[in-house]
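Input: a single structure, listed below in structure tokens.
The values are calculated or read from the model by the stated rules, or taken from the named source; none is laboratory data. As the structure is a prediction and not an experimental result, all values here were calculated from the model. No Cβ is skipped: glycine too gets one built from the backbone with ideal geometry, and neighbour counts run over all protein chains shown. SASA here: full protein model, heavy atoms, side chains in, ligands and nucleic acids out. Shrake-Rupley method; radii C 1.70, N 1.55, O 1.52, S 1.80 Å.
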Amino acid sequence: MTTTEAAPGVIGQRLLRREDPALLTGEAKFTNDMHVPGALHLAVLRSPYAHARIVSVDVSAALDLPGVRAAYTGADLADLWAAPMPCAWPVTDDMKNPAHLPLATTKACYVGDGVACVLADSDAVARDALELIDVEYEPLAAVTDLEDALADTTVIHDELGTNSSYTWNLLVEEHDGAVDEAFAAATHTVSERYVQQRLIPMAMEPRAVLAMPQPFGGDITLYSSTQVPHILKVMTAITLGIPEHQVRVVCPSVGGGFGSKLNVYAEELLCMALSRKRGVPVRWNEERGENTMATTHGRGQIQHIELAADEQGKLTAIRVRLLADMGAYLQLVTPGVPLLGAFLYAGVYELPKAYDFSCTSVFTTMTPTDAYRGAGRPEATYAIERAMDALAAEVGVDPLELRRRNFIPTASYPYEAFSGLTYDSGDHDAAATMAAEMIGYDELRARQATQNVDGAAKRLGVGVSTYFEMCGLAPSRVLASLNYGAGGWEAATVRVLPTAKVQVVTGTSPHGQGHETSWAMIAAEKLGISPDDIDVLHSDTAISPLGLDTYGSRSLPVGGVAIAMACDKVIDKAAQIAAHQLEANVDDLEYVGGAFTVKGSPDRSLPLAAIAFEAFTAHNLPDDLEPNLEAQVTYDPPNFSWPFGTHMCVVEVDVETGEIEVLKYVAIDDCGKQINPLIVDGQVHGGVVQGLAQALYEEAVYDTDGNLTTASLAEYLVPAASDVPSITTGHTVTPSPTNQLGVKGVGEAGTIAAAPAVINAVVDALSGLGVRDISMPASPLKVWNAINSARTATDQPGGTP
């Protein structure tokens, strides 16, 4: 049988997202929109101390408040947990992981750690009751500095005897001592220290939970604003000791996640445990003040990176040392996040087998960290791209030229990297050339020569950032080698109904990515029908029992490909029915435009709609062929997918005030074949804004007592639309050779590339004043201080060096 796509095809069209009308008109239902009569409201009392022993907890006064139905301490509920809260990524066999319960029993380890809870008839009463709970604490010293944590001056978890969780090494050498030899022989070396500040994901919708027990039998349904319903189902069953088949997880509309909803949280477990205990629904809705301290943070690293290069600036060795902030406890994938970038500190550059990476993680008395958009990949890209600019200054060449000298040649793909991983495809020079042309790179360099002169009030800077993203989080056997606690596969079912309408059931769980639109487009292209005839079902483990959900830019290169493969199986089965009905051989059929035709006999044709009804009635099917027309596929990719690109940023810096104005931003990304370019551009725009936010605005700041001083949107600076520059997008298209659609992920690309592009531009603008680095976020005060420090260092107060 021959399958031919009907022109012009659905894939590649800029179709409007089918999800948006419900969101824009308020018809979409979020967890907090669900009205459940008789539900009790959960409120959690959180520690005001970053580190303190819990001497006593008295809930009696709270119980006397009208409307309060129950109040519990951590000790009261200790018997409800079959296991501590899960960490699914024990990255080393000797990793230290303190037991983490939904409510602390003996010690609070960060501001926001839950120590007691209340159930009441309303959320307001439950929160009022918290003020009546009397907790006696014995305050202990806080640990908020990573290097202090490493010194073990104050040990947070007494049972561990240390604040260190693990050290993970990746040393790749052609022969023993190759890295040291390369540095000793190098013409040029640079050694840089960068800080990845903590970030608060700040999804538009804070978290929300609703647990509904069945009146008999022990079944329970959990509604949660989560990214990972399938993983949550497994982990809650294990933690609560509930048979997994009795747990159903549903995530209704979800207002953003960015990794912060890729977790198993205390409040989900509390709602489930207490709803089963009391036999009534229990719900919890997070307030923004809770969100900033009780939902995981992102980033949190000190990075040391060294580059060795020859006289031309060609890289000969790289050495990386990370100190990673785990926070107070290990959440679902906390320890693995820094390691997602472990293979990428060489970026898109050729490197011999001379790579030395080591990551040491430490506990602190701060909110646990976990995945945040990009998860390890933005951190790695920031370090190598900032260091490449430092190397360019050392060698004395233009930063873009230095990158060109080091790019992996296009002809070398598929490229076996120093790490043993295979990069599937790439054309880095093409992306860089397109970016340079779109931003006017040569003209900007010429303009700098006339603008950035002594006494200039505003200085112009151009920043370059190239990147590789290792996404898809598969194959499963590679994940096993990294001690990851799950697989990398994804499942899909395609079902053609008797009336020729189609259901696509996916294991991915969208929260803004546009899966309903894109998945319908994939199936429409494959089946030769209209996307309007396709319904996409997701985010409910009763409807879609198999899946590994959405994170790590995996949805399209794993979940989308699974849908395409399921469509192929549907067509293969339909072909057997068509051949039987048309009295032809399957090999003599061709499928185009939603119909089977006998080759050379265009009048002998059977549309998919007719076959679907025949499969339903089963009146005239081939022997041994089951009725109905559907297929299920579980796809485990053979490789990660490898999107790449070049971003460039232009800024002007006011040297008297430190104010930064982003004049232009160009993003050239290659995510392989694009299903819907409109959605791709939206993903890139959103990612760039979050990367720009890290570069210029956002930081979770703690004082020395462990208090989060940026606990509200009044202190934590999220850029408004008026703060965001116009973003110009462009694309090269290098299809992935490892999947039939030729696709790669794109959801995190903008975040990965943006921060180093912006900071490189700021430092480039001020390099003539002697400024070599500015830590993120590059606030006007930081920039002003850097300028004046450089002036002082050159002994030219009030002037420029």
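For this structure, a couple of remarks:
- Fraction of antiparallel bridges per DSSP, segment 636-783 only, in percent to nearest 5: 70
- Heavy-atom accessible area ranking, 1.4 Å probe, most first, across 30, 357, 616: 616, 30, 357
- The value given for segment 599-674 is a Kirkwood hydrodynamic radius of 19.6 Å, derived from the mean inverse Cα-Cα separation.
- Annotation: amide H-H contacts under 5 Å for residue 657 (H modelled 1.01 Å from N, sequence separation of 5 or more, or interchain): none.
- In the full protein context, segment 12-95 carries 53 Å² of accessible surface per residue, based on a 1.4 Å probe and ignoring ligands, DNA and RNA.
- Relative contact order [Cα under 8 Å, 6+ residues apart], the chain, whole percent: 16
- For segment 377-521, the average shadow cast by the Cα convex hull is 14.7 nm², which is a quarter of the hull's surface.
- Solvent exposure of residue 63, expressed as accessible area, is near 80 Å², computed with a probe of 1.4 Å over the protein chains only.
- For segment 473-538, the Kirkwood hydrodynamic radius from C-alpha pairs, put into Stokes-Einstein at 10 °C and a viscosity of 1.306 mPa s, yields a diffusion coefficient of 119 µm² per second.
- Kirkwood-type hydrodynamic radius, segment 739-800: 13.7 Å, calculated from all non-identical alpha-carbon pairs.
- The GluC sites (Glu not before Pro) of segment 532-618 meeting both criteria, a DSSP state outside H, G, I, E and B (loop) and at most 10 other C-beta atoms within 10 angstrom of the site's C-beta, are 583.
- Cα centroid separation - segment 200-277 against segment 349-422, whole Å: 36
- Rg to Rh, two decimals, where segment 221-325 supplies the alpha carbon set and Rh follows Kirkwood: 1.24
- Solvent-accessible surface of segment 118-267, averaged per residue with a 1.4 angstrom probe and all protein chains in place: 40 square angstrom.
- Dipole of the chain, positive end: most advanced residue of 139, 36, 240 [Cβ charges, Cα centre]: 36
- Nonpolar atom fraction for segment 561-652, defined as the carbon and sulfur part of the 1.4 Å probe accessible area, stands at 46 percent.
- Within the accessible area of segment 248-339 (1.4 Å probe), percent carbon and sulfur: 48
- Backbone amide hydrogens, once placed in the peptide plane, bring residue 376 within less than 5 Å of nothing, excluding anything fewer than 5 places away on its chain.
- Unit Cα scatterers, Debye sum, segment 357-446: log10 I(q)/I(0) for q = 0.11, 0.24, 0.26 Å⁻¹: -0.50, -1.38, -1.41
- Over the chain, the alpha carbon radius of gyration divided by the compact-protein estimate 2.2 N^0.38 Å works out to 1.00.
- Electrostatic dipole magnitude of segment 437-498 [Cβ: Lys, Arg +1; Asp, Glu -1; Cα centre; debye, to 20]: 160
- Inter-site label distance for residue 457 and residue 397 at 7 Å from Cα along Cβ, in nm: 3.9
- Mean ellipticity per residue at 222 nm, deg cm²/dmol - from DSSP H runs of n ≥ 4 across the chain, formula -39500 (n - 2.57): -8500 deg cm²/dmol
- Interchain or long-range residues, amide H under 5 Å from residue 596's placed H: 606, 608
- Residue 167 versus residue 82: modelled label distance in nm, points set 7 Å from Cα along the beta carbon direction: 3.8
- Cα-derived Rg over Rh, computed across segment 523-562 with Rh taken as Kirkwood radius: 1.01
- Net charge of neighbours whose Cβ lies under 12 Å from the Cβ of residue 415, counting Lys and Arg as +1 and Asp and Glu as -1: -4
- Accessible surface ranking that places the most exposed of 713, 15 first, with a 1.4 angstrom probe: 713, 15
- Under the span-like rule (Cα at least 20 Å along the axis, Kyte-Doolittle mean at least 1.0), DSSP H helices of the chain: 749-766
- Segment 373-415: proportion of alpha-carbon pairs further apart than 12 angstrom, %: 66
- Gyration tensor over the Cα atoms of segment 618-729: the corresponding equivalent ellipsoid has semi-axes (square roots of 5 times the eigenvalues, largest first) of 47, 22, 13 Å.
- Heavy-atom accessible surface of segment 97-205: percent carbon and sulfur, 1.4 Å: 48
- Ranked order, 603, 180, 549, 58 - accessible area, probe 1.4 Å, largest first: 603, 180, 58, 549
- Karplus-derived 3J(HN,Hα), 6.51/-1.76/1.60, for each residue of segment 256-262, Hz, glycine and proline x: x, x, 6, x, 5, 9, 9
- Stokes-Einstein D in µm²/s, Kirkwood radius over Cα pairs - segment 115-158 at 20 °C with 1.002 mPa s viscosity: 158
- Using only side-chain charges placed at the Cβ, +1 for Lys and Arg and -1 for Asp and Glu, the dipole size of the chain relative to its Cα centre rounds to 760 debye.
- Gyration tensor (Cα) of segment 490-632, equivalent ellipsoid semi-axes in angstrom: 29, 15, 12
- The Rg/Rh ratio for segment 196-274 is 1.01, where Rg is the radius of gyration of the alpha carbons and Rh is the Kirkwood radius.
- For segment 169-237, the Kirkwood hydrodynamic radius comes to 18.4 Å, computed from all pairs of different C-alpha atoms.
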